[in-house]
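Data block below; observations after.
The values are calculated or read from the model by the stated rules, or taken from the named source; none is laboratory data. Note that the structure is predicted; figures quoted are calculated from it, not measured. Because the Cβ atoms are built from the backbone with ideal geometry, glycine has one as well, and the counts that use them run over all protein chains shown. Only protein heavy atoms, including side chains, enter the accessible area calculation; ligands, DNA and RNA are left aside. Shrake-Rupley method; radii C 1.70, N 1.55, O 1.52, S 1.80 Å.
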Amino acid sequence: MIQAIFITQPASGEYREKIIDVPFREHVIRPWSWVLFCKDDYTEWVACLHGGENAYRHVDVVGNLAFVIADGQGYFIDGQTEELIYCTAESTIRSVVADDQNGLFAYTSDEGDLLVIDQSLVPRPVSLPFQFYTIKLEKIEGSLIQVRYEDRTTDEFKTDWVDMTEAGAAR
């Protein structure tokens, strides 16, 4: 299993660096993030990632696959081969949770969708039985995701479980 953490911009030559950018997005001036990867053989390398449209940064690792959120932009990177596997279409991701046992990742963005992604790397929208202003993903247990959200109808913060098998985003 690899390890990955955000670091400040390293000095030139301190690490072997690889620029990883979103191949389908027009070039816009956005911040850069640096993630230090440590492989199984303890060699290190740094991914230089073009950020998205907010300040959310996060990294989860399942096996060799790292799901990195660089200022809202999602990247799936194979930490052993140093290859970009997949970029999310969303550049405003705000919450992520991973399930190490089943190799699942779930995320939400400003677009308001809850998406689940597995080893197939095909995001699948999940229906939400409530309307919300903000939402934070807490944990995955089996086919359920625990979420904490601000209810749009009552303005109260609530915690609930959402079934990941419910297809189609409802918002």
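With respect to the conditions (1) under 20 Å from Leu36 (Cβ atoms); (2) surrounded by 19 or more Cβ atoms within 10 Å (Cβ to Cβ); (3) modelled with pLDDT under 95, Asn64 falls short on a single one, namely (2).
Open to solvent by less than 50 Å² (accessible area, probe 1.4 Å) and of a type outside the set (Ser, Thr, Tyr), is that true of Val126?
Values: open to solvent by less than 50 Å² (accessible area, probe 1.4 Å): yes; of a type outside the set (Ser, Thr, Tyr): yes.
Judged against the criteria, Val126 is a match.
For the range 52-64, filtered to residues that are in contact with a strand residue (DSSP E or B) (Cβ under 6 Å, 6 or more places away or on another chain) and free of Cβ contacts under 8 Å to residues at least 40 places away in the same chain, the residue that is farthest from Pro31 (Cα to Cα) is His58.
(1) of a type outside the set (D, E, K, R); (2) closer than 30 Å to Ile29 by Cβ; (3) within 18 Å of the chain's Cα centre (by Cα): which one isn't true of Tyr133, the others all being true? Tallying (1) of a type outside the set (D, E, K, R); (2) closer than 30 Å to Ile29 by Cβ; (3) within 18 Å of the chain's Cα centre (by Cα), Tyr133 fails exactly one: (3). Among the conditions (1) in contact with a strand residue (DSSP E or B) (Cβ under 8 Å, 6 or more places away or on another chain); (2) open to solvent by 10 Å² or more (accessible area, probe 1.4 Å), Thr43 misses just one, which is (1).
State whether the residues of the range 22-34 include one that is open to solvent by 10 Å² or more (accessible area, probe 1.4 Å) and within 23 Å of Met1 (Cα to Cα). Spell out how you get there, then give the answer.
Step one: of the range 22-34, the residues open to solvent by 10 Å² or more (accessible area, probe 1.4 Å) are 22-32, 34.
This time we only want the ones that are within 23 Å of Met1 (Cα to Cα), so: 34.
Taking every residue of the range 22-34 in turn, at least one turns out to be open to solvent by 10 Å² or more (accessible area, probe 1.4 Å) and within 23 Å of Met1 (Cα to Cα).
Report, by residue number, each residue of the range 66-81 that is small (Gly, Ala, Ser) and not in a strand (DSSP E or B).
Matches in the range 66-81: Gly72, Gly79.
Of everything in the range 51-61 that is crowded, with 16+ Cβ neighbours inside 10 Å and of a type in the set (Gly, Ala, Ser), the residue that is nearest to Asp40 (Cα to Cα) is Gly51. Looking across the range 67-89, the residues that are surrounded by fewer than 22 Cβ atoms within 10 Å (Cβ to Cβ) and among the aliphatic types (A, V, I, L, M) come down to Leu84, Ile85, Ala89.
Yes/no matrix, rows are residues, columns are (1) out of contact with any strand residue (DSSP E or B) (no Cβ under 6 Å at 6 or more places or on another chain); (2) open to solvent by 60 Å² or more (accessible area, probe 1.4 Å); (3) closer than 23 Å to Phe157 by Cα:
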| site | (1), (2), (3) |
| --- | --- |
| Ser91 | no, no, no |
| Ser95 | no, no, yes |
| Ala106 | no, no, yes |
| Glu111 | yes, yes, yes |
| Leu114 | no, no, yes |
| Gln119 | yes, yes, no |
| Thr134 | no, yes, yes |
| Leu137 | no, no, yes |
| Ile145 | no, no, yes |
